[in-house]
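Notes to accompany the following structure.
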Amino acid sequence: MRVVIIGGGAVGSSTAYHLARDPAFKGAITVVERDPTYRIASSSLSASSIRQQFSTPVCIRMSQYGRQFLEDGAGLLAVDGDRPALGYRQRGYLFLASGAGAAVLRENHAVQTAEGADIALLTPGEIAARWPWMSTDGVALGAWGNAGEGWFDGPALLAAYRRKARALGVTYVAQDASGLVLRGGRVAAVVLGDGSEIACDVAVNAGGPWSARVAGFAGIDLPVRARKRMIYVIQCREKLAGSGLVIDPEGIFFRPEGTGFICGRSPGEGEADPDEPPLEVEEEMFHARIWPVLARRVPAFEAVRISSAWAGYYEYNTFDQNGVIGAHPACANLIHAAGFSGHGMQHSPATGRGVAELIAHGGYVTLDLSALGFERIIENRPLVEKNIV
Ligand SMILES: Cc1cc2nc3c(=O)[nH]c(=O)nc-3n(C[C@H](O)[C@H](O)[C@H](O)COP(=O)(O)OP(=O)(O)OC[C@H]3O[C@@H](n4cnc5c(N)ncnc54)[C@H](O)[C@@H]3O)c2cc1C
């Protein structure tokens, strides 16, 4: 069987790795990646954090495999005994809810606990006792991940997937995939920017923020758009002992990174969120929207300064902010894996494994990802994830 994966970011490269290591797969795997430097790929510009605190069971289960993969990854992705350093640090997420949000936090907690996630609900008093540097003004309830949450080195994970995939026989081609040859409603070949073609039995659309263009080659409307998100690196004179990744009720997050912290936010309801704007950092956003919230929550942040910042694209699913994994019935051998809307890095192990199973086994074997199938979009059944950071 000949498989061509379009896009060699974390999702495409994880798919290549998982497929290449599957004994049930016999065939050739080619990854078409137009930018081997990954300059503006989401996987390079990610905050690369992992949490168990989702509101949908499938996302929680994907994170469970993500966590396990990060724990075992150095061994799994080692090449000739050389183990990659994935930098996984286990530190919880702390979701803070106002009185209005507390019921949703409790509902999410019930779903997470039923899935086996170790999440503790904390009162404002318990939060103040554990993190005395944090104000609990306006906080009615918190949810803290005792296990399986934290952050890791995203570019190192991407490099390790690629290196291992290559070691297992995968070929990377540095070209733009500019079209598809369709025969009888199936992909027969992927057309490259230099005019050449790679014949295939299955194609995978792992184009990340640009995956709608790839779907469009087959006449399929994939509701995934490149939406800019900015990360600010801030330095604070005080040490904030035991800080995890904190999400304020106003949607702003911060977490330790190196000697400082990183922070950011997603646009609120009704705020402009254009498709594929230039990746310029807007400092004004930090001063006007982020810093006031940070300084209220953590008085030590009154005196922070920005030491650097960057912007990248979320591959944002405008339909329901969840990944789309699977084929559209109009083209059964083009498997999409995109639209993770800010959680694609931590879900890249589960996505890659799932897509590999679809190809090698004709269906899911370990974890059923059919809740994320294209059918829900066609049938207008959103799978709404309430915890989007
Ligand atoms: C600021 C920011 C913070 C984030 N924080 C987190 C986080 O904390 N945790 C988390 O889990 N996720 C996070 N994410 C999301 C996560 O980074 C993405 O979901 C994930 O990296 C998507 O991986 P991907 O492989 O689909 O996309 P990408 O890494 O963008 O890879 C897609 C690749 O496809 C290539 N490509 C596209 N079209 C073509 C074509 N036609 N031909 C050839 N090549 C093509 C591109 O060059 C690109 O390299 C964050 C993202 C951003 C931007």
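The values are calculated or read from the model by the stated rules, or taken from the named source; none is laboratory data. Here the structure is a predicted model, which is why all the values come from computation and not from measurement. Every residue, glycine among them, receives a Cβ derived from its backbone with ideal geometry; neighbour counts consider all protein chains shown. Note: accessible area is taken over every heavy atom of the protein model, side chains too, but ligands, DNA and RNA are not part of it. Shrake-Rupley method; radii C 1.70, N 1.55, O 1.52, S 1.80 Å.
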*Put +1 on the Cβ of every Lys and Arg and -1 on every Asp and Glu Cβ in the chain; which of A241, L141, H109 then has its Cα farthest towards the positive end of the dipole?*
A241
_Stokes-Einstein D (µm²/s) once Rh is taken as the Kirkwood radius of region 56-128 over alpha-carbon pairs, at 37 °C in 0.692 mPa s_ = 223
*Within a Cβ distance under 13 Å of F254, other residues only, what is the Lys/Arg minus Asp/Glu net charge?*
+2
*Solvent-accessible area per residue for region 205-326 at a 1.4 Å probe radius, Å²?*
43
*With labels modelled as points extended 7 Å from the Cα through the Cβ direction, what inter-label distance (nm, one decimal) is found for E271 paired with N380?*
2.9
*Tell me which residues come under 5 Å, amide H to amide H, from A188 once H is placed; ignore anything under 5 positions away on its chain.*
V181, L182, R183
*List the residues whose amide H sits under 5 Å from the amide H of Y172, counting only those 5 or more places along or on another chain, with H placed 1.01 Å from N in the peptide plane.*
V31
_Dimensionless Rg/Rh of region 41-184 - Kirkwood Rh, Rg from C-alpha atoms_ = 1.11
*At 1.4 Å probe size, with every protein chain present, just tell me what the per residue accessible area of region 47-109 comes to in Å².*
40
*Among DSSP beta bridges whose residues both lie in the chain, state the antiparallel percentage, nearest 5.*
75
*Tell me, Kirkwood radius of region 1-72 from alpha-carbon pair distances, in Å?*
14.1
*For peptides 205-218, 179-192, 29-42, sequence by mean Cβ density within 10 Å, most packed first*: 205-218, 29-42, 179-192
*Roughly how large, in nm² to one decimal, is the mean projection of the convex hull of the alpha-carbon atoms in the chain?*
18.5
*asked:* I need to check one value: relative contact order of the chain, counting alpha carbon pairs closer than 8 Å and at least 6 residues apart, in percent.
replied: 24
*Got the relative contact order for region 266-389 handy, in percent, Cα pairs under 8 Å and 6 or more residues apart?*
22
*Roughly how many percent of the accessible protein surface of the chain is carbon and sulfur, given a 1.4 Å probe and a whole-percent answer?*
50
_Potential extension, A28-V365 segment - 0.36 nm per residue separation minus Cα distance_ = 119.2 nm
*Vicinal HN-Hα couplings computed from phi for region 271-284 (Karplus, 6.51 cos²θ - 1.76 cosθ + 1.60; Hz; Gly/Pro x)*: 7, 4, 8, x, 7, 6, x, x, 7, 8, 7, 9, 5, 4
